[in-house]
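*Asks:* Structure provided below as structure tokens; questions to follow.
The values are calculated or read from the model by the stated rules, or taken from the named source; none is laboratory data. Note that the structure is a prediction, hence the values are computed from the model and not measured. Methodologically, a virtual Cβ is constructed for each residue, glycine included, from the backbone with ideal geometry; neighbour enumeration extends over all protein chains shown.
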Amino acid sequence: MILLVEDNPNDVKLTLHAFKKHNLVDQVHVLRDGAEALDFFFGRDAQAELKPRDQPKVILLDVKLPKVDGLEVLTRLKSDPSTRSIPVVMLTSSREDPDISKSYELGANSYIVKPVDFDGFVEAVRQLGLYWLLLNQLPPQLEE
């Protein structure tokens, strides 16, 4: 599964469209803000008992999110042993050097600036999905 954490409804629609076009949409779970993302992994009623095989193969995380920003979500994910090894790709419109530097310092696996044109966006999402779902080798504890 791909976990998409994105607050912009248009970007969610474009991302899902790109995944659908390439038969990957059934493997995408969408969360709309940073608080939802933290609840998904660490919340009281959330998926506290997520088995490693049920965890996302990759998290596509926006930097600028309401409630809890993406950098704080990344910090929490990478500081917890149960989520540390899940790959996190920052998929954002921010080209700001501090956001890029901080993302890598906090453990992001990749930082991708969303292309502004439709075709470029669809192609970037397609490549992301194919790479992280088909080509990337996960650590053994996430494949159990």
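*Asks:* For P115, work out the one condition from (1) farther than 22 Å from N23 by Cβ; (2) in a loop (DSSP other than H, G, I, E, B) it doesn't fulfil.
*Replies:* (1)
*Asks:* Shifting gears a bit: Of the residues that sit in region 8-56 and are modelled with pLDDT under 85, among the polar types (S, T, N, Q) and in a loop (DSSP other than H, G, I, E, B), which one is surrounded by the most Cβ atoms within 10 Å (Cβ to Cβ)?
*Replies:* Among them, the one singled out is Q55.
*Asks:* In addition: Taking the conditions exactly as written (at pLDDT 95 or above and on the phi < 0 side of the Ramachandran plot), does D62 satisfy them or not?
*Replies:* Considered against the rule, which asks whether it is at pLDDT 95 or above and on the phi < 0 side of the Ramachandran plot, D62 comes out as yes.
*Asks:* Would you please list the contacts, defined by Cβ atoms under 6 Å and residues six or more apart or on different chains, that run from a residue in region 83-101 that is among the hydroxyl-bearing types (S, T, Y) to a residue that is outside any loop (DSSP other than H, G, I, E, B) and crowded, with 19+ Cβ neighbours inside 10 Å?
*Replies:* As it stands, the answer is T83/F41; T83/L77, since those pairs meet every condition given.
*Asks:* Restricting region 61-112 to residues that are of a type in the set (D, E) and in a loop (DSSP other than H, G, I, E, B), which is surrounded by the most Cβ atoms within 10 Å (Cβ to Cβ)?
*Replies:* So, considering only residues that are of a type in the set (D, E) and in a loop (DSSP other than H, G, I, E, B), the one surrounded by the most Cβ atoms within 10 Å (Cβ to Cβ) is D62.
*Asks:* List the pairs whose first member sits in region 112-141 and is touching a residue at least 60 places away in the same chain (Cβ under 8 Å) and closer than 20 Å to P87 by Cα, whose second member is surrounded by 15 or more Cβ atoms within 10 Å (Cβ to Cβ) and aromatic (F, W, Y), and whose Cβ atoms are under 9 Å apart, counting only residues at least 6 apart or on separate chains?
*Replies:* K114/F121; V125/F19; R126/F19; G129/F19
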